[in-house]
Amino acid sequence: MKLSSKTAILALVLLATSLPVLAADISVPEYQQQVDQLASRVNDLRDHPENAGKLVSEIPSSLTVSTGEGSVTVSLQRLKDSVAEFSTATEANRAEKLEQLQNYAGVLSVQAHSYDKPSDLRESRQKLKEILQHREFNKVHPPGAREVLLDRIFRWIGRLFRHLGRGGKATFNVVQAIVYGLIAVALGLAIFWTVRRLRRPEEPEPTREIIPFTPSARNWRAWLGDARAFAAQNDWRNAIHMAYWAGISFLEAGGAWKPNRARTPREYLRLINSRDPQLPTLSSLTGKFETVWYGQRPAGSADFEETVRYLENLGCR
């Protein structure tokens, strides 16, 4: 059946409109700016929840970021879906949905600004060396003579099993006896090794383990040094950003919680006991950070000095 000319033209138009539009790559600073703007608009939903539907339509499913090592596609579908869930949430669930949404948008912003920063290779190697010096790595070594011998025995047994059906009955009986004997020896060695392993006294766990890419993996003084450097350039927003993570690094290194790379500022607050005297200070520090960083509020030297006072109250001196 032949298509008419009008039908063919209509099909071509529909096909052309259904093709995805290829978005041009954006730079890392542009990506950071877009994520900050999205985080700010998410915060605005507290006062204007009616804008959620419009925000859903304006959030792209992904962004392609051009970096020094090539193009990277960053998915924003989860953020888009979360805003859509908020737009349809009931009045009772709206506050909880908004808090989850703000936390996730905040994590995206922090990760965006942590990306593509120059790293100190010497410092990374030193940290790796410190990690490998922990007691749990002392017994890591290549396979010894016993492990190599057992591996060869097991491989030989496997080859014997493959050839069992190829010989006569007498050959089968001899080979069967040998195989059973080897299996008994192997089981005996396994039982001996297991019993010896169980009787070995447990080694005490290290008092503290440095987990890479967590706030405490970098000393709080290094964070505070970056904060002062930004302050010297009158970049108060980034200065407060670095100062906040100095406080988190200080508390984490002191054992306030177990290190984790994926926590949000609000989650750090929940980990502090309500009777802990440091909770009010951390709450004020977090509020200042969120207002300036996520809320896009103007900041000045007075804001930075107030943030430093919060750090001093925590013990960062």
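The values are calculated or read from the model by the stated rules, or taken from the named source; none is laboratory data. Predicted model, so just to flag it, every value in this text is computed and none were measured. Cβ atoms come from the backbone with ideal geometry, glycine included; neighbour counts cover every protein chain shown. Just so you know, the surface numbers come from the protein's heavy atoms only, side chains and all, with ligands and any DNA or RNA stripped out. Shrake-Rupley method; radii C 1.70, N 1.55, O 1.52, S 1.80 Å.
Restrict the check to segment 240-249 and report whether at least one residue is polar (S, T, N, Q) and either under 28 Å from the mean Cα position of the chain (by Cα) or modelled with pLDDT under 85 (or both). Yes, the conditions are met somewhere in segment 240-249. Within segment 260-302, the set of residues being open to solvent by 40 Å² or more (accessible area, probe 1.4 Å) and touching a residue at least 60 places away in the same chain (Cβ under 8 Å) comprises Ala262, Arg266, Glu267, Gln296, Ser301. Looking at segment 225-232, can you tell me whether even one residue there is closer than 18 Å to Ala39 by Cβ, crowded, with 16+ Cβ neighbours inside 10 Å, among the small types (Gly, Ala, Ser) and more than 24 Å from the chain's Cα centre (by Cα)? No, the conditions are met nowhere in segment 225-232. Take the residues in segment 45-70 that are under 20 Å from Ala112 (Cα atoms) and acidic (Asp, Glu); name whichever of them is nearest to the chain's Cα centre (by Cα). Checking each candidate, the answer is Glu69. The residues of segment 243-299 that are under 10 Å from Tyr310 (Cβ atoms) and aromatic (Phe, Trp, Tyr), listed by number, are Tyr244, Phe289.
Count, please, the residues in segment 1-29 that happen to be modelled with pLDDT of 50 or more and in contact with a Ser or Thr (Cβ under 9 Å, 6 or more places away or on another chain). Residues flagged as modelled with pLDDT of 50 or more and in contact with a Ser or Thr (Cβ under 9 Å, 6 or more places away or on another chain) within segment 1-29 amount to 5.
Looking across segment 178-190, just one residue is within 17 Å of Glu147 (Cβ to Cβ) and of a type in the set (Val, Ile, Thr), and that is Val185.
Filtering segment 58-71 for residues that are assigned to a helix (DSSP H, G or I) and either touching a residue at least 60 places away in the same chain (Cβ under 8 Å) or open to solvent by 20 Å² or more (accessible area, probe 1.4 Å) (or both) leaves a non-empty set.
Within segment 186-213, can you find the residues that are farther than 25 Å from Gln126 by Cβ and either open to solvent by less than 90 Å² (accessible area, probe 1.4 Å) or modelled with pLDDT under 50 (or both)? Result: Ala186, Gly188, Leu189, Ala190, Thr194, Val195.
The sole residue among Arg122, Arg152, Arg159, Arg146 that is in a helix (DSSP H, G or I), of a type in the set (Lys, Arg) and at pLDDT 80 or above is Arg152. Looking across segment 262-291, the residues that are among the hydrophobic types (A, V, I, L, M, F, W, C), under 24 Å from the mean Cα position of the chain (by Cα) and in a helix (DSSP H, G or I) come down to Leu269, Leu271, Leu282, Leu285, Phe289.
Somewhere in segment 238-261, is a residue assigned to a loop (DSSP other than H, G, I, E, B) and under 28 Å from Gln34 (Cα atoms)? For segment 238-261, residues assigned to a loop (DSSP other than H, G, I, E, B) and under 28 Å from Gln34 (Cα atoms): present. The single condition among (1) in a helix (DSSP H, G or I); (2) more than 25 Å from Asn238 (Cα to Cα); (3) modelled with pLDDT under 85; (4) not basic (Lys, Arg) that Ala112 does not satisfy is (2).
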